[in-house]
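Please read the structure below before turning to the comments.
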Amino acid sequence: MAPSTPPGQSGLAVVRLSGPDAVPLVDRHFTPAGTLPAVRDMAGYTVAPGDFAGIDEVVVTVFLAPRSFTGEDVVEISCHGGPAVKRAILRRLLEDGAVLAEPGEFSRRAFLNGKIDLVQAEAIMNLIGSEANRQVGAAYQQLKGHLSERLKEISAMLYAEMAAVELILEFPDHEAHDEAFASLEKGIMAAASELSRLVATYERGRLIQEGARVVIYGEPNVGKSSLLNAFVGQNRAIVTDIPGTTRDTIEFHTEINGYKVILVDTAGVRETSDPIEKEGVRRSVEAVADADLLIFLFDSEPTPQDIADILAEKGKNKGIIVLFGKDDLRDEATLEKIMADFCRLDDVCEADISVLAYSALRAADQDRLAEAIGTFLERGAASGSELTVTSARHKLALDEAVRELEAAASDVRQGVTLDLVAVRLRVAAEKLSELTGDDVSESLVDTIFSAFCVGK
């Protein structure tokens, strides 16, 4: 038993009970309105208003096993959301023998009763924690079992190859021929290729699930904090004409094109003897290292080579947006010259970057910057029907399975004993079983469900 709605005051709250005693526990204290049936006589998926122990007017909903979220009898009490009301109802149920649920206990019971697998359980937590539409879409796809089904299909491919190995081992005189070994290698590599396709979606999935870290980088007093404030429409960062005002990273979460974006303002990077500013510079360097997209902001007129040097040092394996800031202070001819000079250097022009003129005083420039960030986020974006791996746990298991399969195919090709090939195939299959929970340790189950909120 646990509240399934957040703590604090609200219009309504829900107290959920699951288990064989859920119906009789609530039945003792619930008086239905009018001629409605008692809880013990209610059919599954029905509701009834009434009085709960003289505490509150409530609505009771009954879900009977096995057609419930947990696979057990479940009763939900919808009451008014005052903290005292919830406490009084919980106290009455505890006095009658109910036990408070641990974090994630309802979802854990659903998993143990075969209602969901581990991929779907993790998707529930991702849905609850979603901050952007893309997170919702990816989590819902996994909750519906699409990723689990694909993993089961690939597992079936592995079991077919394992059976082929056993057939050759059992009947070597008839089955141990070149065509059989070639078919075995081909089948193993086909499964490895399917898993590799899933692994390749992880970087996109990570951006969706964790959010893209977009770091504003530049020398002191070039307008980084003004950019952050203008872009988010709030005075989040202190702005002065004194260089080195920002001493720490400042983060703001927003949504662009359905993606979660963490916009990070950093301290200006320069040589300094001030220990506090020096720490700010160190944190700026760390933020750059963790960035998915870097916004290089200039207020001077950098040469193309200056930019090329910075890109070579800071921009490896990252998206890049170069902003010529404080553009309201330049005349059009100067800006055109800067842009023309910039594009004369092949190394810069061929880089995967966007170049924008920018002023924090022009609202249209915020839209242009958001569009450039959105373009980066959409690069290589999966179609709505393509599966996406969003969990580091999933990627690690898939990587290990791919390594085992590639090694197994190599062993077949080199004539290594098939006993070793069979072991590699079994290890790969076990890795896939760990993902869905078909073969998983109790400690991993505890770890996953301990991260859930109470009531779910």
Matching residues, the stretch 101-132, being in a helix (DSSP H, G or I) and among the β-branched types (Val, Ile, Thr):
Val119, Ile124, Ile128
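Identify, from the list Thr31, Thr61, the residue that is touching an Asp or Glu at 6+ places or on another chain (Cβ under 7 Å), modelled with pLDDT of 95 or more and surrounded by fewer than 17 Cβ atoms within 10 Å (Cβ to Cβ).
On the way: Thr61 fails: surrounded by fewer than 17 Cβ atoms within 10 Å (Cβ to Cβ).
Step by step, each of Thr31, Thr61 is checked, and only Thr31 is touching an Asp or Glu at 6+ places or on another chain (Cβ under 7 Å), modelled with pLDDT of 95 or more and surrounded by fewer than 17 Cβ atoms within 10 Å (Cβ to Cβ).
Residue by residue, here is whether (1) in a strand (DSSP E or B); (2) within 26 Å of Ala121 (Cβ to Cβ); (3) modelled with pLDDT under 95; (4) in contact with an Asp or Glu (Cβ under 8 Å, 6 or more places away or on another chain) holds:
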residue: Val14; (1), (2), (3), (4): yes, yes, no, yes
residue: Pro24; (1), (2), (3), (4): no, no, no, no
residue: Pro37; (1), (2), (3), (4): no, no, no, no
residue: Arg40; (1), (2), (3), (4): no, no, no, yes
residue: Pro49; (1), (2), (3), (4): yes, no, no, yes
residue: Glu57; (1), (2), (3), (4): yes, no, no, yes
residue: Ile77; (1), (2), (3), (4): yes, yes, no, no
residue: Ala88; (1), (2), (3), (4): no, no, no, yes
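The values are calculated or read from the model by the stated rules, or taken from the named source; none is laboratory data. Every value quoted in this text rests on a predicted model; they were computed, and no experiment measured them. Cβ: placed from backbone, ideal geometry, glycine included. Neighbour counts: every protein chain shown.
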